[in-house]
Ligand SMILES: [Zn+2]
């Protein structure tokens, strides 16, 4: 059995998976807001409940978390749950739970879950993408999470948008301090902001409102979603030209909008370095496990 924790901004979820990938235990608790010690205690409570209910003791625990851990210091950085930043999450959980803890971010967990037994389960190289309130990525190569010396693998959202047109430069300011990051164009809030900038209409405040307007043939909403598709194609073409993954899995709320995958498949060939008429063999997939990929990938760590 494998036990995983998905540590999110609003909820902490624990799950125990059987070897063949079935949920044996699943429970969520609210994330204590702004309180690191209480967050650790919530994780410990969930582990204890899982193990006492199933009468088991897992040798290690996988934890998916926002941000990333600095491989040098172990400190969490860039987490939108800011109480985690600067904390040695792995060491603190190991002290509390008295066993090895493996950490990865949410995009890593998506990639690992989908590469293990999800949409990309027979693929040797998988790039998992989260398009949500932020934009992240994670790599799984031959079943193993790719982790480098800077703890940065897959952090594609803070590269600049490729092949930017004159009216896309310098681009929207990103929370990281730069302008025109992929995240600043492609996240859910960025997509809504793009519509608001181009129309002056501030009424849509969430992606589902844009999707609904587009489904009723609102021309500005249709154009905005098409710009998003074209920009995502440019951003993914760089990934394909660099590492040529067998599959790209698109997770996160923004990936669920209708028509995204066909739109990408139509837009990608213009930017991928292949002779004309050569078919693009990259599989562009949606997650098999939806929102569960985070906790499933954590367990797979
Ligand atoms: Zn950025």
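The figures follow:
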item: Choice from 193, 219, 235 with maximal GNM fluctuation in the chain (Cα, 10 Å cutoff); result: 219
item: Label point distance in nm, residue 261-residue 22, each placed 7 Å from Cα along Cα→Cβ; result: 2.7
item: For the range 123-285, alpha-carbon Rg over 2.2 N^0.38 Å; result: 1.03
item: Base-10 log of normalised Debye intensity for the range 1-45 (one unit scatterer per alpha-carbon) at q = 0.27 Å⁻¹; result: -0.89
item: Cα-derived Rg to Rh of the chain, Kirkwood definition; result: 0.98
item: Highest-fluctuation residue, 234, 281, 26 considered, GNM on the chain with Cα pairs under 10 Å; result: 281
item: Fraction of the pair-distance distribution of the range 88-158 above 20 Å, Cα-Cα pairs, percent; result: 37
item: Degrees, to the nearest 10: 36-54 long Cα axis against longest axis of the chain; result: 70
item: Gaussian network model of the chain, Cα within-10 Å springs - most flexible of 113, 68, 37; result: 37
item: Hydrodynamic radius by Kirkwood, which averages 1/r over all alpha carbon pairs of the range 31-102, in angstrom; result: 12.8
item: Chain lengthening between residue 220 and residue 206 when straightened (0.36 nm per residue, less Cα-Cα); result: 3.5 nm
item: Contact order relative to length of the chain, as percent, for alpha carbon pairs under 8 angstrom and 6 or more apart; result: 20
item: Burial order of peptide ranges 15-21, 3-9 (average beta-carbon count within 10 Å, highest first); result: 3-9, 15-21
item: Highest average packing first - 227-233, 134-140, 163-169, Cβ atoms within 10 Å; result: 134-140, 227-233, 163-169
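None of the figures in this text is laboratory data; all of them are computed from the coordinates on show. Note that this is a predicted model, so its numbers are computed, not measured. Ideal geometry is used to build each Cβ from the backbone, glycine not excepted, and the neighbour counts take in all protein chains shown.
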